[in-house]
Amino acid sequence: MNELIIVLIIIFATFVSAIGSLFLKLGTKTLSLNFIKLLKNNKLILGIFLFGVSMLFYIWGVSMAKLSFIYPITSLTYIWISLLSIKYLNEKMNVYKWFGIAIIIVGVFLITV
Amino acid sequence: MIMNRKTPFFAILLVVICTFLTSSGQYFMKMGTDRISGTFLSIFNIPLISGLLLYVFGAVLLIIALKHGELSVVYPFISLSFIWVLFLSVFLLGETVLLINWLGMILIVMGVVFIGRGAPNE
């Protein structure tokens, strides 16, 4: 399959994974040890579901290309998470966090080369 | 003093442990899938089941960490999985690892240190 399409599939997977993590975080606000309440925690369930969906797309992408090609793209998730956190979780980014993410992305690229 | 931070140290500790558990879990699950033969029962082998349990337990720790910490601080620590997998490849699988891979590991560690440093206070 066309390399560009594989890249797009993985980018889509990273975005779904980030949204899933966002819902996971939102779901932990009402986290309880009560099993019934856990099952009713819609955001938590949705977060886990979206994470599962992203895994499926990820596995699909990995079946078509080398891991060393795919892994660096997955570090896009960190950027999505930072942006989503600012917009929906009222979290603040700063120079330290952005720089940390930047060198993590470079590190992921080098570690999988 | 530690609890004044929006992401307490113990949340970071939880996610670090989580990455170790999910990476080991994945290793055992991979080992387990290699043992799947023709029979249906071969799916329920020890490495696969224990790998799955490790993975799930790691995920539970991550959820608890997210309850107490910021997403934008906790999540980048998941990149530590790459480091556990690197050690695994070298010491358990005997794979060749280049110097540039070790450099990548150092950068990831530096990166999460910066993220931790950048985690804001209340």
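The values are calculated or read from the model by the stated rules, or taken from the named source; none is laboratory data. None of the values given here were measured: they were computed from a predicted structure. When we count neighbours, we look across all protein chains shown, and the Cβ atoms used for this are built from the backbone with ideal geometry, even at glycine. Calculation scope for accessible area: heavy atoms of the full protein, side chains included, ligands and nucleic acids excluded. Shrake-Rupley method; radii C 1.70, N 1.55, O 1.52, S 1.80 Å.
Rounded to the nearest 500, the helix-only mean residue ellipticity at 222 nm of the protein assembly as shown stands at -24500 deg cm²/dmol, with each DSSP H run of n ≥ 4 adding -39,500 (n - 2.57). Within a straight-line Cα-Cα reach of under 28 Å, B:LYS30 can be paired with the following lysines, leaving aside sequence neighbours fewer than 8 residues apart in one chain: A:LYS66. Taking 10 °C and 1.306 mPa s as conditions, the range B:82-122 diffuses translationally at an estimated 138 µm²/s according to Stokes-Einstein applied to its Kirkwood radius (Cα pairs). Legend: mean number of C-beta atoms from other chains within 10 angstrom of residue C-beta atoms, peptide B:112-121, equals 6. Based on Cα contacts under 8 Å between residues 6+ apart, chain B shows a relative contact order of 36 percent.
Once whole DSSP H runs in chain A are found, which of them have Cα atoms spread over 27 Å or more along the helix axis and a mean Kyte-Doolittle score of at least 1.6?
Values: long enough: A:3-27 (36 Å, 2.24); A:42-62 (29 Å, 1.70).
Answer set is A:3-27, A:42-62.
For the pair A:ILE86 and A:THR30, a Förster radius of 35 Å applied to the C-beta separation gives a FRET efficiency near 0.95, rounded to the nearest 0.05.
Relative to the longest principal Cα axis of chain B, at what angle does helix B:9-34 sit, 0 to 90 degrees, rounded to 10? On a 0 to 90 degree scale, this one is about 10.
Largest first, what is the accessible-area ranking of A:LYS66, A:LYS97 with a 1.4 Å probe? Don't skip to the answer; put the middle values down first.
Numbers: A:LYS66 150, A:LYS97 0 Å².
Ranked list, largest accessible area first: A:LYS66, A:LYS97.
Only Cα pairs under 8 Å and 6+ residues apart enter the sum, and on that basis the relative contact order of chain A stands at 33 percent. Between A:ILE59 and B:LYS6, the distance separating the two model label sites (each 7 Å from Cα on the Cα→Cβ line) works out to 3.6 nm.
Largest accessible area first, the listed residues B:THR22, B:THR39, B:THR96 line up as B:THR96, B:THR39, B:THR22 when surface is computed with a 1.4 Å probe on the assembled protein chains.
Among the lysines, select those whose C-alpha is under 27 Å from the C-alpha of A:LYS92, and discard any that sit fewer than 8 residues away in the same chain. Answer for A:LYS92, where 27 Å is the Cα cut-off: A:LYS25, A:LYS29, A:LYS43, B:LYS6, B:LYS67, listed by chain and number.
How much of the accessible area of the range B:72-111, in percent, comes from carbon and sulfur atoms when a 1.4 Å probe is used?
Values: 1540 of 1940 Å².
Ligands and nucleic acids excluded, carbon and sulfur reach 79 percent.
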